[in-house]
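Read the structure below first, then the notes.
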């Protein structure tokens, strides 16, 4: 008879109790119900399918989008004593073949595989001969986001219900709005399953958005105010990722780049350093992040606008997983909006997909320009209705809205008088009465609007134009050079049939960082902190010896608990958070020896 989930939780994974929501999800899966589970980063999604897999007697297939994510989970499970395997493109043929033989012989409980490997006729035919009881789709939002474009095999996962009619399907993601959840459930099990949505709020993360002016100066001000803290800095391109790492290193700040264009071994080395060494900063494209289990990331900084609200939420959620105060800081500008629009149109998806992506981007732009609590705006997008948070830039320093009738009318008139084809820079020069060569050659200095806005600074006009775009009064030409045109709503505003109020542009503030949620894990001081540092060094050595990521040996929370408890016997070591029977057997001796040496 298979063991009970609670017994597996304690004996294999070394945890004393389930987190909120986990047990109900497992009960549904073990009862044969299809499920879609939406849980924030760090809430324990993986256990929700790993434990049911071990409570069954058949095979569980886990479909995951990233090789690194599969490798890390496979390594962590093996160290916990679980018979898991992965078949992926990073491994030699003979290794994949050996792994498959163990799967076919029934020696494996979980098989991790990419959608591209899975959805070949040969692999599907081979798997249909095996007793598969559970099909898990990790990062399930990719079905809706990537399926129609560069990951078409994710779209093909909708066939799984027909191919494996006896199997239970469980989909997991950290981020999906109401429409995305409905789309995933419909594609995977025609809506005939349960949807679990845990709370999206991460109250310990302070939310801030700032218009981009001098991005290098803004970034350095932010990072230098947080010496010794680990952070992730997201950039839009590989080139900017490298440039940003070089900028920080030139200032004596330990920073490493990470993007898909790097050599795989260099990427892996940089990730290992980031995971193991305190105070390291990773500058990265979105290629970095999925499955990263580093609890003490103190901030996520976006140099550019993310792709949509789901991406933004997932990326900022990599900060503050220990519950201690953290920051999510974003810079953005009109050029970001234009580039994001272009990316959407350049995608291979159909018209409905592009329309949906434009709406998602619209929601993110509105979040950037909101005059009310950012957390309320963010969580409302995911279907929640919270109270103002008191932990975002808008709550901490509320803006006073101004009547936008006059400046809004000036901008719209300038755009119309110049043929609705020029970008923000030219319109601002025109309003401020500049005598540039471009303005003179086009005779725009003869227009009645020339100089009508000379009293306002360039930065103020840029802010108002961004807010007109965010409010739907102006369109931005994403296919050309960022030309501005007036929408029907903009024409209605000009006729006095619509309102426009705007947030005045202001210098960025540095609110008190002492506020925020209390950490879920204690912050160690003195000798305990020194012991923790020694435990982390030992963990890294053991991980390198085994060729696995450091967190697969023990997560930070386990080492913190170890530094507090200072176990001196196997029974005491077994009581440490995250120590199961396999890790007791394999790791108790070196860690207890270190503790005895440090504390003796």
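Since every read-out is calculated from the coordinates, none of them should be taken as a lab result. Not measured: the values here are computed from a predicted model. Every residue, glycine as well, gets a Cβ built from its backbone with ideal geometry; the counts of neighbours run over all protein chains shown.
Summary table
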{"quantity": "Cα gyration tensor shape of the range 5-197, rounded if a/c is under 1.5, else prolate or oblate by comparing a/b with b/c", "calculated": "rounded"}
{"quantity": "For the range 362-388 and the range 434-460, distance of Cα centres in Å", "calculated": "36 Å"}
{"quantity": "Length released on extending from residue 384 to residue 416, taking residue separation times 0.36 nm less the Cα-Cα span", "calculated": "7.5 nm"}
{"quantity": "When the range 184-274 is reduced to its Cα atoms, the Kirkwood hydrodynamic radius in Å", "calculated": "16.6 Å"}
{"quantity": "Fraction of antiparallel bridges per DSSP, the chain only, in percent to nearest 5", "calculated": "10 percent"}
{"quantity": "Cα-based shape type of the range 368-428, given that a ≥ b ≥ c are square roots of the gyration tensor eigenvalues and the cut on a/c is 1.5", "calculated": "prolate"}
{"quantity": "Residues residue 598 and residue 128, FRET efficiency given R0 of 60 Å [Cβ-Cβ distance, rounded to 0.05]", "calculated": "0.65"}
{"quantity": "Cα gyration tensor category, rounded, prolate or oblate, for the range 402-502 with a/c compared to 1.5", "calculated": "prolate"}
{"quantity": "Cβ crowding within 10 Å averaged over residues, with 579-588, 77-86 ranked highest first", "calculated": "77-86, 579-588"}
{"quantity": "Percentage relative contact order, the chain, counting C-alpha pairs under 8 Å, at least six apart", "calculated": "15 percent"}
{"quantity": "Whole-Å semi-axes of the range 306-375's equivalent ellipsoid (Cα gyration tensor)", "calculated": "25, 14, 11"}
{"quantity": "Cα-based Kirkwood hydrodynamic radius, the range 57-156, one decimal, Å", "calculated": "13.8 Å"}
{"quantity": "The range 60-161: relative contact order in percent, alpha carbon pairs under 8 Å with at least 6 residues between", "calculated": "35 percent"}
{"quantity": "Relative contact order, percent, the range 205-396 [alpha-carbon distance under 8 Å, six or more residues apart]", "calculated": "26 percent"}
{"quantity": "The range 205-396: projected area of the alpha-carbon convex hull, averaged over directions, in nm²", "calculated": "11.2 nm²"}
{"quantity": "All-pairs alpha carbon distance profile, the range 526-599, 5 Å steps from 0, percent", "calculated": "3, 18, 31, 30, 15, 4, 0"}
{"quantity": "Value at 222 nm in deg cm²/dmol, rounded to 500, when DSSP H runs of n ≥ 4 in the chain each add -39,500 (n - 2.57)", "calculated": "-13500 deg cm²/dmol"}
{"quantity": "Helix axis angle, 581-599 relative to the chain longest principal axis, alpha carbon, degrees", "calculated": "80 degrees"}
{"quantity": "Nearest-ten-degree value, helix 93-104 long axis tilted from longest Cα axis of the chain", "calculated": "60 degrees"}
{"quantity": "Distance between the range 58-82 and the range 296-321 - C-alpha centres, whole angstrom", "calculated": "25 Å"}
{"quantity": "Cα-only Debye scattering, the chain: base-10 log of I(q)/I(0) at q = 0.05, 0.07 Å⁻¹", "calculated": "-0.25, -0.48"}
